[in-house]
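Note sheet for the following structure.
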Number of protein chains: 2
Amino acid sequence: MQEPHALEQLIRSFSRLPGLGPRSARRLVLELIRKRESVMHPLIRHLQQVAEYIVTCDICGNLDAQAPCTICCDTRRDPSLLCVVEDLGDLWAIERSRLYTGRYHVLGGVLSAMDGIGPSQLGIERLAERAGAPEVAEVILATNATVDGQTTAHYIAERLAGLELRITRLAQGIPMGGELDYLDDGTLGTAIRARLPA
Amino acid sequence: MQEPHALEQLIRSFSRLPGLGPRSARRLVLELIRKRESVMHPLIRHLQQVAEYIVTCDICGNLDAQAPCTICCDTRRDPSLLCVVEDLGDLWAIERSRLYTGRYHVLGGVLSAMDGIGPSQLGIERLAERAGAPEVAEVILATNATVDGQTTAHYIAERLAGLELRITRLAQGIPMGGELDYLDDGTLGTAIRARLPA
């Protein structure tokens, strides 16, 4: 025998997920079976809840138990700020910083000629519509500091250029706790060029 | 808001699994939601099947849809061979080689003073009982070639020393496709000492 059928299927299911291969999926399944009560059953329950209740917000692309999402519905949030992020993980990261009080727009990816992702796949027209609403005063382009992320930010900035808006992007420089000796040249160069009065 | 409650719970559930941290768990959950039909629903189904049907074999410690397991029940397998492995993953690896036709004994770990795992936690007495059965002629100690694995093999060999048995262990040497220049000194030394006529 190889792995019994049900185990084999489960391992294959897990190994399709990002960051997991057949070997790590196998380890993971063994651990789940070892901790059936304390880990496996809660995991199944939580997966079912998410599969059943979590929906995509049709305004901003966020995931939540309601659509429109809690952020879009929250009247205490500043409607004049619109923060454009690549992915939901980025939205969560910004929320964790507890410094941003505006709304979001989740692109769900970046422009990539290689992967055939153009402006229409990212719904950039829908973003332009939202950005054109009278209450919006600033669009923050919070895409990643990668080539694709910056290209996408550049494209969006050009697309929104006609509108009466401040268009900003995140500051680049030395990360907190960063040691100069370990930083890449690009970051250090940017930090020197964008130096501030002490 | 942070991640909505259900998502947060699911991410926390995943990040408890070996090899996954909060960040990779987050990525994984996003991917699951993106592929709700094609990945998430099958995963839930397979998890439920395993949670419901997979049991531990009370003879050898294998996992299967039946107990005693398919291997222990298979009369075509050689009852005179007993292969001792640390973990179920090792059993599967040996089965994949399709060269072993005997039965198994899954220890479920290795002796480790650090982690407080002694002979009783590993059920070595139960192994000694099985090894003492009249049909068993050879016990193969297929623990890993790590310090803990070899210590465990040594301990078991001593424990079984009184019985009328061949006690063997896996050959050590150059792995298939191995290049000498990249091998560690220990492996190369073992391979030279255990050299065979060409």
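Observations
- In the set (1) more than 7 Å from every other protein chain (Cβ to nearest Cβ); (2) open to solvent by 20 Å² or more (accessible area, probe 1.4 Å), B:Leu91 fails one condition alone, (2).
- Matching residues, the range B:159-198, being surrounded by 14 or more Cβ atoms within 10 Å (Cβ to Cβ) and of a type in the set (Gly, Ala, Ser): B:Gly173, B:Ala191
- Residues that are at the interface with another protein chain (Cβ under 7 Å from one of its Cβ atoms) and modelled with pLDDT of 90 or more were ranked within the range B:1-13; the one that is nearest to A:Val39 (Cα to Cα) is B:Ser13.
- Selection within the range B:66-87: residues that are surrounded by fewer than 18 Cβ atoms within 10 Å (Cβ to Cβ) and within 11 Å of another protein chain (Cβ to nearest Cβ). The member of this set that is farthest from B:Tyr100 (Cα to Cα) is B:Gln66.
- Among the residues of the range A:47-65, the ones that are surrounded by fewer than 19 Cβ atoms within 10 Å (Cβ to Cβ) and within 9 Å of chain B (Cβ to nearest Cβ) come to 7 in all.
- Within the range B:148-158, the residues that satisfy the criterion of being open to solvent by 30 Å² or more (accessible area, probe 1.4 Å) and either in contact (Cβ under 8 Å) with a residue 24 or more places away in the chain or under 12 Å from B:Val85 (Cα atoms) (or both) are B:Asp148, B:Gln150, B:Thr151, B:Tyr155.
- Any hit, the range B:136-151, residues being touching a strand residue (DSSP E or B) at 6+ places or on another chain (Cβ under 7 Å) and more than 24 Å from B:Cys57 (Cα to Cα): yes
- Residues that are surrounded by fewer than 14 Cβ atoms within 10 Å (Cβ to Cβ) and either in contact with a Leu (Cβ under 8 Å, 6 or more places away or on another chain) or more than 7 Å from chain B (Cβ to nearest Cβ) (or both) within the range A:27-44 comprise A:Glu37, A:Ser38, listed in sequence order.
Per-residue answers, yes or no, for (1) among the aromatic types (Phe, Trp, Tyr); (2) assigned to a helix (DSSP H, G or I); (3) more than 28 Å from B:Thr70 (Cβ to Cβ):
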position	(1), (2), (3)
B:Tyr104	yes, no, no
B:Ile167	no, no, no
B:Pro175	no, no, yes
B:Gly186	no, yes, yes
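- Members of the range A:11-26 found to be over 27 Å from the mean Cα position of the chain (by Cα) and surrounded by fewer than 19 Cβ atoms within 10 Å (Cβ to Cβ), listed by number: A:Arg23
- The range A:119-147, residues that are open to solvent by 70 Å² or more (accessible area, probe 1.4 Å) and in a helix (DSSP H, G or I): A:Glu125, A:Arg126, A:Glu129, A:Val147
- Listed by first and then second residue, the pairs with beta-carbon distance under 6 Å, at least 6 apart or on different chains, first residue in the range A:21-50 and under 11 Å from B:Ala51 (Cα atoms), second surrounded by fewer than 19 Cβ atoms within 10 Å (Cβ to Cβ) and among the small types (Gly, Ala, Ser), are A:Met40/B:Ala51.
The values are calculated or read from the model by the stated rules, or taken from the named source; none is laboratory data. What you see is a predicted model; the values in this text were computed from it and never measured. For neighbour counting, all protein chains shown are included, and Cβ atoms are generated from backbone atoms with ideal geometry for every residue, glycine included. Accessible surface is based on the protein model in full, side chains and every heavy atom, while ligands, DNA and RNA are left aside. Shrake-Rupley method; radii C 1.70, N 1.55, O 1.52, S 1.80 Å.
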